[in-house]
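A.B. asks: Take this structure, written in structure tokens, and hold onto it; I'll ask about it next.
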Amino acid sequence: MTLKTENIKKILIIKISAIGDVLMATPAFHAVRKSFPWSRIYLLVGNWSKEIISSNPHIDEIITIEDEVFFKPWKILSLLRFILRLRRLRFDMIIPLHRSFAFSLFSFLIGAPERVGFDESRRNFFYTKRIATTPSMHEVDKYLQVVKSAGVRVNEIDKRMYIKIEESSFINEILDNYPVSEGDLTICICPGGGINPKTKLPLKNWRIEKYAKLADELIGKFGSRVIVVGSKEEKFLGEELKRLMRHKFINLVGQTSIPDLAYLISRCQLFIGSDSAPMHIADAVGTRTIALFGPTDSRVWGPYNKNNRIIKNELFCSPCYKNDGKPPKCSTKECMESIMVDQVIEVIRSTIKMVPR
């Protein structure tokens with residue numbers, strides 16, 4: 001049956017959980033906005049990632065929820081009360097950008113007549129329209145495939161991820177206090193990541209000793225200004241780098257908000273890190289990015305901008321993460337351990353002009 005788009009007045013998009021995942025869904029938000037300019041578009045997002053989306057011009061209203069409500073059985077009463085609240089809004093269409101059966105049932109209980117979502121598990125029978133996607137397809141394109149099946153024209157939009165860049169006096173002051181010579185680079189490094197409300201995946205991270213050696217070379221041999229970032233939970237990584245490194249760097253681990261981080265990365269000439277929210281932010285703001293990959297599939301979660309670079313070594317066991325929220329059992333981290341500092345330096349030099357002193 002053909003969907004009568006003119007009857008769609010209120011749309012709820014659901015995207016909970018990781019900051020990077022929400023950022024990769026922003027082209028889909030843009031596509032929905034462009035195809036339904038007359039509709040009021042709501043986004044249901046978790047508290048963990050709401051900051052990344054707060055200034056998005058394609059969303060009319062943001063509804064937030066505790067991320068844990070969907071993953072903790074004892075939160076069921078809170079979830080039922082929340083469903084009743086959403087039912088009162090009388091949505092015409094719901095688009096959950098999640099693969100889990102739980103979100104299929106959740107959208108059914110909210111009561112919208114049109115419910116469009118993934119069919120990758122073949123169990124999401126509560127949707128009125130289901131779309132199966134190719135496993136190796138990038139997440140940005142998977143989300144676009146889902147909204148396309150809801151009557152959205154995805155070929156008429158700019159597919160770049162959206163994040164608003166606002167000037168930060170805090171970041172400007174820090175950069176002014178650590179000036180660089182003309183021609184020298186400002187490089188942002190994120191040694192952590194892999195943490196979100198549902199999953200902890202430290203297997204994605206390169207060893208801190210290798211980041212220390214890399215940063216020392218970038219500062220000592222090439223005269224770069226190195227800034228290290230990360231979450232409040234990762235402050236120990238900044239302290240460990242201080243202990244390991246010979247040269248001074250700017251340690252901002254745990255000190256930036258999401259808007260500050262976006263502005264900072266936009267002021268850098270290069271970003272280096274593994275599969276993490278800051279990596280996706282760097283990709284979105286247009287800063288040249290070098291992403292280190294091992295257990296996760298770079299075709300699916302790598303930088304979307306084709307000008308950015310991915311470093312990974314082809315091992316029979318990599319990628320091993322199945323996107324089921326369960327960390328792979330691995331005692332060696334061979335995929336990340338096999339990436340050498342010299343290998344990263346070589347890719348940096350082939351990506352951006354960098355001359356030894």
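A.B. asks: Take G193 and tell me if it is surrounded by fewer than 18 Cβ atoms within 10 Å (Cβ to Cβ), on the phi > 0 side of the Ramachandran plot and either part of a helix (DSSP H, G or I) or at pLDDT below 95 (or both).
C.D. replies: Answer is no for this residue.
Residue by residue, here is whether (1) among the aromatic types (F, W, Y); (2) assigned by TED's automatic domain parsing to the domain that holds I65 holds:
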{"site": "G111", "(1), (2)": "no, yes"}
{"site": "R115", "(1), (2)": "no, yes"}
{"site": "F118", "(1), (2)": "yes, yes"}
{"site": "R123", "(1), (2)": "no, yes"}
{"site": "Q145", "(1), (2)": "no, yes"}
{"site": "Y162", "(1), (2)": "yes, no"}
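A.B. asks: Among the candidates L79, L97, single out the residue that is crowded, with 21+ Cβ neighbours inside 10 Å and either of a type in the set (A, V, I, L, M, F, W, C) or touching a residue at least 60 places away in the same chain (Cβ under 8 Å) (or both).
C.D. replies: Just a single option satisfies the conditions, and that option is L97.
A.B. asks: Would you tally the residues in the stretch 64-94 being among the aliphatic types (A, V, I, L, M) and under 19 Å from the mean Cα position of the chain (by Cα)?
C.D. replies: Within the stretch 64-94, residues that are among the aliphatic types (A, V, I, L, M) and under 19 Å from the mean Cα position of the chain (by Cα) number 1.
A.B. asks: Name every residue in the stretch 29-61 that is aliphatic (A, V, I, L, M), touching a strand residue (DSSP E or B) at 6+ places or on another chain (Cβ under 8 Å) and closer than 23 Å to T5 by Cβ, in order of residue number.
C.D. replies: Listed by number, the residues that qualify are V32, I41, L43, L44, I59.
A.B. asks: Tell me which residues, restricted to the stretch 150-161, are surrounded by fewer than 18 Cβ atoms within 10 Å (Cβ to Cβ) and not charged (D, E, K, R).
C.D. replies: Correct list: N155 only.
A.B. asks: Within the bounds of the stretch 117-127, is there any residue that is over 13 Å from A31 (Cβ atoms), touching a Leu at 6+ places or on another chain (Cβ under 7 Å) and among the aromatic types (F, W, Y)? Please lay out each step first, then the result.
C.D. replies: Residues of the stretch 117-127 that are over 13 Å from A31 (Cβ atoms), as a first pass: 117-127.
Those left that are additionally touching a Leu at 6+ places or on another chain (Cβ under 7 Å): 126.
Right, trim to among the aromatic types (F, W, Y) and you get 126.
Scanning the stretch 117-127, I find at least one residue that is over 13 Å from A31 (Cβ atoms), touching a Leu at 6+ places or on another chain (Cβ under 7 Å) and among the aromatic types (F, W, Y), so the answer is yes.
A.B. asks: In addition: Looking only at the stretch 212-251, count how many residues are of a type outside the set (K, R), out of contact with any Asp or Glu (no Cβ under 7 Å at 6 or more places or on another chain) and not in a helix (DSSP H, G or I). Before you say what the answer is, go through the steps one by one.
C.D. replies: Taking the stretch 212-251 as the starting set, the residues that turn out to be of a type outside the set (K, R) are 212, 214-220, 222-224, 226-231, 233-234, 236-241, 244-245, 247, 249-251.
Checking which are out of contact with any Asp or Glu (no Cβ under 7 Å at 6 or more places or on another chain) leaves us with 212, 214-220, 222, 226-231, 233-234, 236-241, 249-251.
After this cut, where a residue has to be not in a helix (DSSP H, G or I) as well, the list is 222, 226-231, 249-251.
Here the count works out to 10.
A.B. asks: Which count do you get for residues in the stretch 109-123 that are touching a strand residue (DSSP E or B) at 6+ places or on another chain (Cβ under 6 Å) and in a loop (DSSP other than H, G, I, E, B)?
C.D. replies: The qualifying residues number 2.
One line per residue, one yes/no per condition, for (1) closer than 16 Å to P202 by Cβ; (2) among the aliphatic types (A, V, I, L, M); (3) in contact with a helix residue (DSSP H, G or I) (Cβ under 6 Å, 6 or more places away or on another chain):
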position: S276; (1), (2), (3): yes, no, no
position: M279; (1), (2), (3): yes, yes, no
position: L292; (1), (2), (3): yes, yes, no
position: C317; (1), (2), (3): no, no, no
position: S331; (1), (2), (3): yes, no, no
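The values are calculated or read from the model by the stated rules, or taken from the named source; none is laboratory data. This is a predicted model, so every value here is computed, not measured. FYI the Cβ positions are ideal-geometry reconstructions off the backbone, even for glycines, and counts take in every protein chain you see.
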